[in-house]
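*Asks:* My questions will all concern the structure given below.
The values are calculated or read from the model by the stated rules, or taken from the named source; none is laboratory data. No experiment lies behind these values; they were computed from the predicted model shown. Neighbour counts are summed over all protein chains in view; Cβ atoms, including those assigned to glycine, are modelled from backbone coordinates with ideal geometry.
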């Protein structure tokens, strides 16, 4: 069966439009939570690219406390249970990563060291690290940053062991 | 003796400035993971489109002018082989990785086609995924288990996001 599916290519995958897709003028930069229950996208709100979070099951828009300003937003990324949403935002002339903790309501503005601007980001499923794409002397670079002193881990239910940052570290 | 005093005074003053600065700002600061960043810097002339799994970093790395999909085991700091995935006639556009590093979803350009693909590392297999309505895929995001794929699609002059529930 498996080999047959692979040989045939698409097999029986179910494709559906993301919730709200028909009503929205444009949806970009999709990011799923690790558990697959939430979807963050960038939508056009009165001409301003703004992050929006949706429950995949019922299509409802989930409330965000800190992302009504500082557009344009780009490159959203979610942790496993969707507790943390990381987004690149604009403050003055600077691009800046902001992480919203949906559990506590706290916001963490995290500028890049050295006055650089992030271009894309990816949050680790447990939110212990973040990978940022930056421009450096005409080249794209990816740099990893430790978030373990800033955020509590957001692990899948029942998973005790995490991948400690110290194992990754310098 | 005087030199030692000056040295300790300067150390004390630096510590004071650091503490005062941190307290005054009250800001959280990003802490670079130095060893890994050195490795990432040295292992490719450029790198973009990062996607993190639990202990995996997928990205598009460029070496000698050719861009390819690379999966790095962050624990061993080594790229893992991806047999059958990178082709000299294809240009990768976007990549995402499942939490356990087993599945990679990708968009790539090959000839005149933009392909949406799922790669299974343990099988070394590349599966082409079809969209239900015609469109051009651009950006992908896999969920942790690698069972749901969100893909940004250009369709009728606008951007849509399709969700694909992968059956296998």
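*Asks:* How many of the residues in segment B:113-147 are over 18 Å from the mean Cα position of the chain (by Cα), crowded, with 19+ Cβ neighbours inside 10 Å and facing chain A (nearest Cβ under 7 Å)?
*Replies:* Selection size over segment B:113-147: 2.
*Asks:* Now for a separate question. Determine which member of the set A:141, A:120, A:95 is without any contact (Cβ under 8 Å) to a residue 12 or more places away in the chain and in a strand (DSSP E or B).
*Replies:* A:141
*Asks:* Look at segment A:50-78 and say how many of its residues are buried (at least 17 other Cβ atoms within 10 Å of the Cβ) and closer than 20 Å to residue A:112 by Cβ.
*Replies:* Total satisfying the criteria: 10.
*Asks:* Now, a different point. Test of understanding: among B:116, B:131, B:123, which residue is modelled with pLDDT of 95 or more and either outside any strand (DSSP E or B) or within 19 Å of residue B:52 (Cα to Cα) (or both)?
*Replies:* B:123
*Asks:* Looking at residue A:113, is it facing another protein chain (nearest Cβ under 10 Å), loosely packed, with under 14 Cβ neighbours inside 10 Å and on the phi < 0 side of the Ramachandran plot?
*Replies:* It is true that residue A:113 is facing another protein chain (nearest Cβ under 10 Å), loosely packed, with under 14 Cβ neighbours inside 10 Å and on the phi < 0 side of the Ramachandran plot.
*Asks:* What about residue B:101, is it at positive phi, crowded, with 22+ Cβ neighbours inside 10 Å and more than 7 Å from every other protein chain (Cβ to nearest Cβ)?
*Replies:* Answer is no for this residue.
*Asks:* Could you count how many residues in segment B:134-165 are outside any strand (DSSP E or B) and closer than 13 Å to residue B:116 by Cα?
*Replies:* Count: 2.
*Asks:* Looking only at segment B:51-97, filter to residues that are within 11 Å of chain A (Cβ to nearest Cβ) and not in a strand (DSSP E or B); which one of those is surrounded by the most Cβ atoms within 10 Å (Cβ to Cβ)?
*Replies:* Per the criteria, the residue is B:53.
*Asks:* Is it true that residue B:110 is surrounded by fewer than 16 Cβ atoms within 10 Å (Cβ to Cβ), within 22 Å of residue B:67 (Cβ to Cβ) and at the interface with another protein chain (Cβ under 7 Å from one of its Cβ atoms)? Show your work before the answer.
*Replies:* Working: surrounded by fewer than 16 Cβ atoms within 10 Å (Cβ to Cβ): yes; within 22 Å of residue B:67 (Cβ to Cβ): yes; at the interface with another protein chain (Cβ under 7 Å from one of its Cβ atoms): no.
Judged against the criteria, residue B:110 is not a match.
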